[in-house]
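Notes to accompany the following structure.
Taken together, the values in this text are just the output of simple stated rules run on the coordinates, not laboratory data. Everything numeric in this text was worked out from a predicted model, so none of it was measured. Quick reminder, even Gly has a Cβ in these numbers, built from the backbone with ideal geometry, and neighbours come from all protein chains shown.
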Amino acid sequence: MPIRHRTGFRQAHHGRVATQRETPSPAEAAAGTEQGPIERLERWQQFGGTWQVIARTGRSVTISLRRCDGGEEAARLSSADAALLAWLGDRTSSD
């Protein structure tokens, strides 16, 4: 499954896991199509993927984005977005 490149993004390769930061690509910024972290999680779920919180502090969260065909980690999303933290609440996964 192709994944869009972002600043701070590494594709999964030889056992490494892709990571994402909140910085949109230049094309997304110019087009005004960048998604916030809540929209990314909702879109991930719409396409059958699941997610799991793997690290959380009072000000940030790291979420594992998992494939729909067995739950293998495909990417990680790290964010300090206050709206995302509020949206997550006490949830630890999409299940």
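Leu85: net charge of surrounding residues, Cβ under 12 Å, Lys/Arg +1, Asp/Glu -1, itself excluded? Can you show the working numbers first?
On the way: positive: Arg56, Arg59, Arg91; negative: Asp81, Asp90.
Around Leu85, the charge tally is +1.
Using the Cβ atoms and a cut-off under 15 Å, what net charge is assigned to the surroundings of Gln46, where Lys and Arg are +1 and Asp and Glu are -1? Provide the component values of the computation, followed by the final result.
On the way: positive: Arg40, Arg43, Arg66, Arg67; negative: Glu39, Glu42.
Local charge sum for Gln46: +2.
What Rg and what Dmax come out for segment 54-95 when only alpha-carbon atoms are used, in angstroms?
Looking at segment 54-95, its Cα Rg and Dmax stand at 10.8, 32 Å.
May I ask for the net charge around Arg56, where only other residues with Cβ less than 11 Å from the Cβ of Arg56 are counted and Lys, Arg are +1 while Asp, Glu are -1? Each step should come with its number before you reach the end.
Details: positive: Arg59, Arg91; negative: Asp90.
That works out to +1.
In terms of modelled amide H atoms, which long-range or inter-chain residues lie less than 5 Å from the amide H of Thr92?
So Thr92 has HN proximity to no qualifying residue.
Quick one: which residues, 5+ away or cross-chain, put their amide H under 5 Å from the amide H of Arg76? H built at 1.01 Å from N.
Those qualifying (amide H under 5 Å, at least 5 residues apart or on another chain) are Ala18, Thr19, Gln20, Leu65.
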